[in-house]
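For reference, the structure is listed below as structure tokens.
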Amino acid sequence: MPATLKIDHARYVITVDPQRRIVADGAIVVEGSRITHVGKAAELAGVTADRVVDARRMVVTPGFVNGHMHISYAHCVRGIFPDDVGSPLAHVFALQNAMTEEEEYATTLLGLVELVKNGNVCFLDPGSTKYPDACLQAYQDAGIRVVIGECVIDGESPLALPRYPTAEAIARSAAYVKKWDGRLDGRMRAWAMPFSAETCTAELLSGAKRIADETGTGLTLHHNSGAAARKDYQAKHGTTPTGYLEKIGVLGPNMVLAHVLGIGDDEIDTIARTGTAVAMCPSTAAKGGRGVPQHGRMPELLAKNVRIALGCDSPNNSNYLDMVRAMNMAAVQYKDARQDMKIVPAESALEMATLRGADALGVGADIGSIEAGKKADLVLFDTERPEWQALFNPVNNLVYNADGRSIHSVVIDGRVVVDGGRQSFVDESRLFGTVQAIGEALMARTGISYPRSRWPVV
Ligand SMILES: [Zn+2]
């Protein structure tokens, strides 16, 4: 008999089901990895379970899906770049390249601790993990769902990205997908992950798409547009950056384009028409000064029903891995940008962080909402905190008042991964010391370091 779990008397269960029901005094019953019942606590009073969680103080949501999250990328050097350095990307890649297997394992563990404690039950790492063999145990221990792949390029790049001859890049991607897809009882998916159209040939991109099509997996690309890129693509390819991707045949439902800033109306049409998904990183766009008022098109993509996931990008871009803050940023930044409070309502932000994001990554049949038959991926927020008061509209309170710190418990695949604010797969204080030491050693080894502050540290 699989273990059973009951979340009982939840103050509210925000189901994100097809009717978008919010169940007051709700209950959820889980058997093994799947939800068997969702409803009023009174209706489910007769259902017993091995473990019953008293959720009277809790608001329960589906687990969050992080659609663009470079894990292991910068945790050990997070926050080192003063604002006046400008884009840290070149240094970030150089530092990451210098990381050893052991270092990547430890920084990945830290990333996973932060992800699960913030209710992220699934994330897509856009190819930054160099040592998947070492990190597999960390994913297993954390119990999280992960979409991984190997970052490859076959063209020029000012960034220190792993470059191979085209055929080798395609062969590596295929071997990677074959080796890793479906591991961890299906919680691990492996995709082709060429870095971007600017750093990869059309041959590599179509090779990656072919792998995704043939294996029933997916692929992701860093993708932006904007006036300069449009001009450049027009001259070189006679179309827009997004039109180019369509022309070479790589768009479609199994493609996730990341960031997608600066796209024009014609490019939005192309994305919608081809059923392509996107992952948008609101806090990266804001912190990077990317000009959301001019370049952000989330409202138009939402209006065309494009599958949009939110992402936290990396510890030196958005810096935080808190999906509640990412939802807040998505909801508020477009209101300000368009000077219109009706844009990107709280409900839309929550949909992107859950069901719409899960659909974007092709896992929406299993996760993203709280429904009987789906996987039990749940986040329990403790409302017994000042920022949750007064509680009348749980979605508004979640998106506008709260942050990840009120997360009490997180269930992934039926397993309670965070319990009463604690995870049990790693000794956090020891890990924090290890990662701090890795950061210091890495900066010393690479010579990439900055003053501890723009202000004197005495
Ligand atoms: Zn990225």
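The values are calculated or read from the model by the stated rules, or taken from the named source; none is laboratory data. What you see is a predicted model; the values in this text were computed from it and never measured. Cβ: placed from backbone, ideal geometry, glycine included. Neighbour counts: every protein chain shown. Calculation scope for accessible area: heavy atoms of the full protein, side chains included, ligands and nucleic acids excluded. Shrake-Rupley method; radii C 1.70, N 1.55, O 1.52, S 1.80 Å.
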Over region 298-334, the set of residues at pLDDT 95 or above and among the small types (Gly, Ala, Ser) is Ala303, Ala309, Gly311, Ala326, Ala330, Ala331
Scanning region 115-136 residue by residue, the ones that are of a type outside the set (Gly, Ala, Ser), within 13 Å of the ligand (Cβ to nearest atom) and assigned to a loop (DSSP other than H, G, I, E, B) total 3
Among Thr36, Thr61, the single one that is closer than 19 Å to Asp413 by Cα, open to solvent by 30 Å² or more (accessible area, probe 1.4 Å) and more than 16 Å from the ligand (Cβ to nearest atom) is Thr36
request  = Would you be able to say whether some residue in region 246-256 is modelled with pLDDT of 95 or more, buried (at least 23 other Cβ atoms within 10 Å of the Cβ) and within 16 Å of the ligand (Cβ to nearest atom)?
outcome  = yes
Task: Flag for Val52 being farther than 25 Å from Asn393 by Cα and either over 25 Å from the mean Cα position of the chain (by Cα) or modelled with pLDDT of 95 or more (or both) - done: yes
Consider Pro293 carefully, then state whether it is over 23 Å from Ala190 (Cβ atoms) and open to solvent by less than 20 Å² (accessible area, probe 1.4 Å).
no
By residue number, the members of region 314-326 that are more than 17 Å from Asn224 (Cβ to Cβ) and within 16 Å of the ligand (Cβ to nearest atom) are Pro315, Asn316, Asn319, Tyr320, Leu321, Ala326
When region 207-231 is checked residue by residue, the ones that are open to solvent by less than 40 Å² (accessible area, probe 1.4 Å) and away from the ligand (no atom under 15 Å from the Cβ) are Gly207, Ala208, Lys209, Ile211, Ala212, Thr217, Gly218, Ser225, Gly226, Ala229
In the set Val418, Val435, the lone residue that is surrounded by 12 or more Cβ atoms within 10 Å (Cβ to Cβ) and farther than 23 Å from Val85 by Cβ is Val418
Restricted to region 135-145 and to residues being touching a residue at least 60 places away in the same chain (Cβ under 8 Å) and open to solvent by less than 10 Å² (accessible area, probe 1.4 Å), the residue nearest to Gly357 (Cα to Cα) is Ile144
Flagged in region 12-24 as closer than 17 Å to Val379 by Cα and either part of a loop (DSSP other than H, G, I, E, B) or in contact with a His (Cβ under 6 Å, 6 or more places away or on another chain) (or both), in numbering order, are Thr15, Val16, Asp17, Arg20, Arg21
Taking region 137-176 and keeping residues modelled with pLDDT of 95 or more, part of a loop (DSSP other than H, G, I, E, B) and within 30 Å of Glu114 (Cα to Cα) leaves Gly143, Ile144
Within region 106-126, residues more than 18 Å from Gly439 (Cβ to Cβ) and open to solvent by 10 Å² or more (accessible area, probe 1.4 Å) come out as Lys117, Asn118
Checked Ala376, Ala365, Ala372, Ala390 against criteria (surrounded by fewer than 21 Cβ atoms within 10 Å (Cβ to Cβ), touching a strand residue (DSSP E or B) at 6+ places or on another chain (Cβ under 6 Å) and modelled with pLDDT of 95 or more); the one match is Ala372
Counted residues in region 327-370 being under 22 Å from Phe123 (Cα atoms), of a type in the set (A, V, I, L, M) and outside any helix (DSSP H, G or I) come to 5
All conditions in (1) surrounded by fewer than 24 Cβ atoms within 10 Å (Cβ to Cβ); (2) touching a residue at least 24 places away in the same chain (Cβ under 8 Å) are true of Met280 except (1)
Exercise for the section: Could you tell me whether region 77-98 includes any residue that is away from the ligand (no atom under 16 Å from the Cβ), without any contact (Cβ under 8 Å) to a residue 40 or more places away in the chain and of a type in the set (A, V, I, L, M)? Expected result: no
* To do: Would you mind stating whether Gly311 is within 25 Å of Gly218 (Cα to Cα), open to solvent by less than 10 Å² (accessible area, probe 1.4 Å) and within 16 Å of the ligand (Cβ to nearest atom)?
  => yes
Within region 33-84, restricting to residues that are in a loop (DSSP other than H, G, I, E, B) and among the polar types (S, T, N, Q), the one that is farthest from Phe381 (Cα to Cα) is Ser72
Contact list, first residue from region 414-432 and closer than 11 Å to Gly143 by Cα, second anywhere and charged (D, E, K, R), beta-carbon distance below 6 Å, six or more apart or interchain, is Val418/Lys117; Phe425/Asp141
Yes or no: Ala303 open to solvent by less than 40 Å² (accessible area, probe 1.4 Å), on the phi < 0 side of the Ramachandran plot and away from the ligand (no atom under 16 Å from the Cβ)? no
Scanning region 177-204 residue by residue, those in a helix (DSSP H, G or I) and surrounded by fewer than 24 Cβ atoms within 10 Å (Cβ to Cβ) turn out to be Lys178, Lys179, Trp180, Leu184, Asp185, Gly186, Ala202, Glu203
Of the candidates Val177, Val152, Val147, the one satisfying the condition of being in contact with an Asp or Glu (Cβ under 8 Å, 6 or more places away or on another chain) and either more than 16 Å from the ligand (Cβ to nearest atom) or under 19 Å from Leu124 (Cβ atoms) (or both) is Val147
